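One structure is given here, and the rest of the page talks about it.
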Amino acid sequence: MQHKVRVWDLPTRLFHWSLAATMVALVVTAKVGGNAMQWHLQLGQVMLALLVFRLAWGLVGGHWSRFTSFMYSPTRLWRYLRGQDGDEAVGHSPLGALSVFALLGVSLAQVVSGLLSDDEISFAGPLARYVSGEWVGQATWYHSDVGQYLLIGLVVLHVLVIGFYALLRRRNLVNSMLHGDKLLDRPVAASRDDMATRSRAALVATLSAALAWWVFRLGVA
């Protein structure tokens, strides 16, 4: 008997797809350059707000969205990679959890480096004026020459893994991130996803957006 379980609450799903869309738009505006860099700057603010939201939601969100639900030990990760962990993961698998933390960390590094960057042509991050030229140079180098390709690589790897699970393991990971539910062989605790949860998410999102707006306003003369 299979059990239908709400794994991904609505705020987590909205974050996931909003982050994906924002990443694509950031890459496009960076490659176009010129006047598109103003859009790039605004999208950076959106990205910062999304990441702050996810970090907070990892503490107070639905059960399977909380970081504590997918923090695995190195031993558990090694067992999973060797195929010794046969149970299907409810939320993120050990390898999926590693991917999530890597994406969040690299995305945050990319945003922070963007805040400190200055290409001396058409773009200056809002926090560049507050640090030394050496820091600005390092941040600009990382943001344009390292971070963006590292992030693109992680996203491509993420998509390839989803394809691997769909084609070879017959597990559609996209569906559960669309409607939130998974069919599992055993009953497990579901993520709370009601109006109270969504109201809390709206408050967290508002505070996250306000913080991102304040950070970017620091660059206004």
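Taken together, the values in this text are just the output of simple stated rules run on the coordinates, not laboratory data. The structure displayed is predicted, hence computed values, not measured ones. Glycine gets a Cβ as well: all are built from the backbone with ideal geometry, and neighbour counts include every protein chain shown.
How much length is gained if the chain between residue 68 and residue 214 is pulled fully straight, taking 0.36 nm per residue apart and subtracting their Cα-Cα distance, in nm to one decimal?
Length difference between fully extended and current span is 49.6 nm.
In nm, give the distance between the simple-model label positions of residue 184 and residue 206, each being 7 Å from the Cα along the Cα-to-Cβ direction.
The two pseudo-label positions are separated by 3.3 nm.
What whole-number distance in Å separates the alpha-carbon centres of region 168-221 and region 77-131?
Their Cα centres are 17 Å away from one another.
For residue 118, enumerate residues with amide H under 5 Å from its amide H, sequence gap 5+ or separate chain, H modeled in the peptide plane.
125, 140
Work out which helices of the chain, taken as complete DSSP H runs, extend at least 20 Å along their axis over the Cα atoms and score a mean Kyte-Doolittle of 0.5 or more, then list them.
The qualifying helices are 10-32, 36-60, 94-115, 148-168, 195-217.
If packing is taken as the average count of other Cβ atoms within 10 Å, what order do 35-41, 129-135, 214-220 fall into, highest mean first?
Top to bottom by mean Cβ count within 10 Å: 35-41, 214-220, 129-135.
Using per-residue counts of other Cβ atoms within 10 Å, averaged over each peptide, order 91-103, 152-164 from highest down.
Per-residue mean Cβ counts within 10 Å order the peptides as 91-103, 152-164.
Taking the Cβ of each residue in 4, 182 as the centre, tally the other Cβ atoms inside 10 Å and list the residues starting with the fewest.
Ascending number of Cβ neighbours within 10 Å: 4, 182.
Express the relative contact order of the chain as a whole percentage, based on alpha carbon pairs under 8 Å and six or more residues apart in sequence.
Normalised by residue count, the contact order of the chain is 37 percent.
Once you put a point 7 Å from the Cα of residue 59 and another 7 Å from the Cα of residue 129, both along the Cβ direction, what distance in nm separates them?
Here the modelled spin labels are 3.1 nm apart.
Run the simple label-point estimate for residue 199 and residue 167 please: 7 Å along Cα→C-beta, distance reported in nm.
Once both label points are built, they end up 4.7 nm from each other.
Just to be sure I understand, if you calculate Rg/Rh (Cα atoms, Kirkwood Rh) for this structure, which of (1) 0.94; (2) 1.01; (3) 1.06 do you get?
Of the labelled values, this structure produces (2).
Among 183, 62, 48, whose Cα sits farthest toward the positive end of the charge dipole of the chain (+1 at Cβ of Lys/Arg, -1 at Cβ of Asp/Glu, about the Cα centre)?
With unit charges placed on the Cβ atoms, the residue in question is 183.
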